[in-house]
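The values are calculated or read from the model by the stated rules, or taken from the named source; none is laboratory data. Every value quoted in this text rests on a predicted model; they were computed, and no experiment measured them. Cβ coordinates were reconstructed from backbone atoms using ideal geometry, including for glycine residues, and neighbour counts include every protein chain displayed. Keep in mind that these areas ignore ligands, DNA and RNA; they rest on the heavy atoms of the full protein, side chains included. Shrake-Rupley method; radii C 1.70, N 1.55, O 1.52, S 1.80 Å.
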Amino acid sequence: MVPTGVEQQEEPATGANDGTTYFRKRFGQILLDAALIALTTFVLLPISLLLGVFLIMSGVDGTLAMSIGFGIFLTLIMPITWWWHVWVPYRRGGSTFSMGWLKLRIVSLDGQPASLGQHHARWILSAADSLFFGLVGIVLIVATPQHQRLGDVVARTRVARTDVG
């Protein structure tokens, strides 16, 4: 390396977010988590619709029957997404299953494990991060110094690599 007279500060080796590898893992994790939740949705939604059809065939008004089916879908999918994005990482040291496979974990800004409240804040704000087909979250991850999406900024967390240092 050629000395430039300007010293660069390096991130600590543990949890370093070093460019291409980090972004590839981070966006891969987001897509993998989304695909696994989508798979669950593709299983639950037809079951809920079939329940609505069964209710219609049983004499229940069509609008009411489909509303009941959709209500049951929401009643099932919300706890599943909560379990996936809050409880699993809280109990697994900051990693969803996808994060574990890709050697990533959620940590507080001070490097300590994220609290249950921090995981909740991240999950609640994932709706905002998903706006415009995820563009809000993507732009924030690329643009913020610690590569945080809105949920991370508010929760005071970041996603760190576990395969370094």
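Show log10 I(q)/I(0) for the stretch 12-92 at q = 0.13 Å⁻¹, two decimals, from a solvent-free Debye sum over equal Cα scatterers. Normalising to I(0) and taking log10 leaves -0.58. A Cβ-based charge dipole, computed about the Cα centre of the stretch 79-165 with Lys and Arg at +1 and Asp and Glu at -1, lands at about 160 debye. Pairwise Cα distances in the stretch 56-101 exceed 17 Å in 52 percent of cases.
Taking a ≥ b ≥ c as the square roots of the eigenvalues of the Cα gyration tensor of the stretch 72-122, is the shape rounded (a/c under 1.5), prolate (a/b larger than b/c) or oblate? Verdict is oblate for the stretch 72-122.
A Cβ-based charge dipole, computed about the Cα centre of the chain with Lys and Arg at +1 and Asp and Glu at -1, lands at about 240 debye.
Each residue of the stretch 34-40 is assigned a 3J(HN,Hα), and the resulting list reads 4, 5, 5, 5, 4, 4, 4 Hz, derived from the Karplus form 6.51 cos²θ - 1.76 cosθ + 1.60 (θ = phi - 60°), x at Gly and Pro. Over the stretch 35-165, Cα pairs under 8 Å with separation of 6+ residues give a relative contact order of 19 percent. All distinct Cα pairs of the chain go into the 1/r average, and the inverse of that average, the Kirkwood radius, is 17.8 Å. Counting only protein chain heavy atoms and rolling a 1.4 Å probe, the accessible areas of 99, 66, 57 rank, largest first, as 57, 66, 99. Selection among 29, 112, 65 by position relative to the dipole of the stretch 13-114 gives 112 as farthest towards the positive end (Cβ unit charges, Cα centre). With no solvent and one equal point scatterer placed on each C-alpha of the stretch 109-165, evaluate the Debye formula and give log10 I(q)/I(0) for q = 0.14 Å⁻¹, two decimals. With one equal scatterer per Cα and no solvent, log10 I(q)/I(0) is -0.37.
Each principal axis of the Cα cloud of the stretch 69-165 was evaluated for its coordinate range; sorted largest first, these ranges are 49, 29, 23 Å.
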